[in-house]
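For reference, the structure is listed below as structure tokens.
The values are calculated or read from the model by the stated rules, or taken from the named source; none is laboratory data. Source: prediction; values computed, not measured. Because the Cβ atoms are built from the backbone with ideal geometry, glycine has one as well, and the counts that use them run over all protein chains shown.
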Amino acid sequence: MTLETIVTLEDGERYYLADETVQNGIKYFLANKLDGEDNLTEESFIFQETVDGADTYLDLVEDETVSNYIAAVFTANFVSEVDEM
């Protein structure tokens, strides 16, 4: 999976991959849900990338502790990027 791409999950929902981070060897993505016309919505989610052979999957991070930690990482990265501007 790469940043700034649109992915479609098995349930048909589409997401824009806005940011990524690797923590403890696991890749996470910050994704914005898209509406039916592929416009960004205000809903954002954190997904964990799972690689199984040649297949790559995105699994929603449901563990609140992990989700909060990864959200803090994304926030810190964003603030750092803004400060560099």
(Q) Any residue in segment 68-85 that is at pLDDT 75 or above sitting within a Cβ distance under 6 Å of a residue that is surrounded by 14 or more Cβ atoms within 10 Å (Cβ to Cβ) and not in a helix (DSSP H, G or I)? List the pairs, counting only those 6 or more apart or interchain. (A) 70/28; 70/46; 73/21; 74/19; 74/30
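Given the structure, is residue 74 buried (at least 16 other Cβ atoms within 10 Å of the Cβ) and in a helix (DSSP H, G or I)?
On the way: buried (at least 16 other Cβ atoms within 10 Å of the Cβ): yes; in a helix (DSSP H, G or I): yes.
Yes: the conditions hold for residue 74.
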